[in-house]
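Chemist: Got a structure for you, questions after.
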Amino acid sequence: MSHHTISVRGLGFVYPDGTRALEGVSFEVGHGEAIAVVGANGAGKSTLLLHLNGLLSPSEGSIDIGGVPVTKGTLPEIRRTVGMVFQDPDDQLFMPTVAEDVGFGPMNLGLPPEGVEARVAEALARVEAAHLRERPPYHLSGGEKRAVAIATVLAMEPNILVMDEPSSGLDPKARRRVIGLLASFAHTRILATHDLDLAAELCERTIVMSGGRVAADGPTAEIFADDVLLEAGGLERPLGMQGCPVCRTK
């Protein structure tokens, strides 16, 4: 069984205040797939992602990662397999320096100092942030924080990369850098995003969430060409598929 696969069956989740965020969510993810999860605010995207490495536990249903059920007992293995990058990098960066943040995970895996340093150097190089290693994270720009947050996950060498709104708050240059980085990640990727142009560029498959349920699941090009489906989900075509607003051609 590949460690890069995900199986979600009948997933439901109710927050302590009684809000039902997910209901009957089921899908399979194969080795190496790149999948976008899209939907309006409150559709359940972030809640779904938080289940994929055990940060939330289902109220109903189950999740398997590479054939391993996500339970309290399997969380150490699951979190080595599934790397999660949060929407707000400040939720992920808490050490005095960038290098210490990136090295925190590998150090807690029990790697020797030279192994931790090798992972820190490689991860920062991949996100083009080696020059930031001695900087305090709170002195970084939004784009720099995003790059370092990704590096903290890459340093764990996950088989599956999960990202919540990877392009949120980034300027065009930083956004393009993140897209290039995600395109270079060879393993399984799941991206929850409002940036449908990013989804169209990176993901061959898209899951549309609406009201905590899966409203559609299929090839990205077909999903984004279905105006009725997109409108029902509070979405619209990516700008790259809208054509010229003057001549109305597509």
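No lab work stands behind these numbers, since they all come straight from the coordinates. These figures come from a predicted structure and were not determined experimentally. Virtual Cβ from ideal backbone geometry, glycine too; neighbours counted across all protein chains shown.
Chemist: Could you tell me the number of lysine pairs in the chain with C-alpha atoms less than 26 Å from each other, where the two lysines are 8 or more residues apart or belong to different chains?
Modeler: 4
Chemist: Spelling out what I want: for every residue of region 229-240, take phi, set θ = phi - 60°, compute 6.51 cos²θ - 1.76 cosθ + 1.60 (Karplus), and round to whole Hz; glycine and proline get x.
Modeler: Running phi through 6.51 cos²θ - 1.76 cosθ + 1.60 with θ = phi - 60° gives 4, 5, 5, 5, x, x, 10, 9, 3, x, 4, x Hz.
Chemist: Of 75, 182, 48, which is farthest along the charge dipole of region 6-233 in the positive direction, counting Lys and Arg as +1 and Asp and Glu as -1 at C-beta?
Modeler: Result: 75, furthest along the dipole toward the positive end.
Chemist: Based solely on its DSSP helices, what 222 nm [θ] is calculated for the chain when runs of n ≥ 4 H residues each add -39,500 (n - 2.57) and the sum is averaged over all residues, nearest 500 deg cm²/dmol?
Modeler: Result for the chain, helices only: -9500 deg cm²/dmol.
Chemist: Please list 3J(HN,Hα) in residue order for region 191-200, calculated via the Karplus relation 6.51 cos²θ - 1.76 cosθ + 1.60 where θ = phi - 60°; whole Hz, with x for glycine and proline.
Modeler: These are the phi-based 3J(HN,Hα) values: 10, 8, 7, 8, 7, 5, 5, 4, 4, 5 Hz.
Chemist: Note the listed values [x] 21.7, 84; [y] 18.4, 62; [z] 17.4, 49, then indicate which one is Rg and Dmax of the Cα atoms in Å calculated from this particular structure.
Modeler: Only one listed value fits the structure, namely [y].
Chemist: Enumerate the amide H contacts of residue 217 below 5 Å, restricted to partners 5 or more residues apart or on another chain; note that Pro and chain-start residues carry no placed amide H.
Modeler: For residue 217, whose amide H was placed from the backbone, the distant partners under 5 Å are 208.
Chemist: While we're here: Add +1 for every Lys or Arg and -1 for every Asp or Glu among the other residues with Cβ under 11 Å from the Cβ of residue 21, and state the total.
Modeler: Once all neighbours under 11 Å are counted, the net charge is +1.
Chemist: On a C-alpha basis, how far is the centre of region 126-205 from the centre of region 65-99 in Å? Whole number, if you could?
Modeler: 15
Chemist: Still on this structure: In degrees between 0 and 90, to the nearest 10, how far off the longest principal axis of the chain does helix 113-126 point, with axes built from Cα atoms?
Modeler: The helix 113-126 is inclined about 40 degrees to the chain.
Chemist: Moving to a separate point now. Estimate the FRET efficiency between residue 75 and residue 242 by the formula 1/(1 + (r/R0)^6), using the beta-carbon distance for r and 35 Å for R0, to the nearest 0.05.
Modeler: With R0 = 35 Å, the Cβ-Cβ based efficiency is 0.25.
Chemist: For the chain, set up a GNM with springs between Cα atoms under 10 Å and report which of 19, 74, 206 has the largest fluctuation.
Modeler: In the Gaussian network model the winner is 19.
Chemist: A follow-up question, please. Non-local amide H neighbours of residue 188 (under 5 Å, H modeled in plane, Pro and chain starts lacking H): which ones?
Modeler: 32, 161
Chemist: A follow-up question, please. Placing +1 at every Lys and Arg Cβ and -1 at every Asp and Glu Cβ, with all other atoms neutral, what dipole size does region 6-233 have around its Cα centre, in debye to the nearest 20?
Modeler: 340
Chemist: Indicate, rounded to the nearest 5 percent, the antiparallel portion of the DSSP beta bridges found entirely in the chain.
Modeler: 55
Chemist: For residue 184 and residue 118, compute 0.36 nm times the residue count separating them, minus their Cα-Cα distance, and round to one decimal in nm.
Modeler: Between residue 184 and residue 118, full extension yields an extra 21.8 nm.
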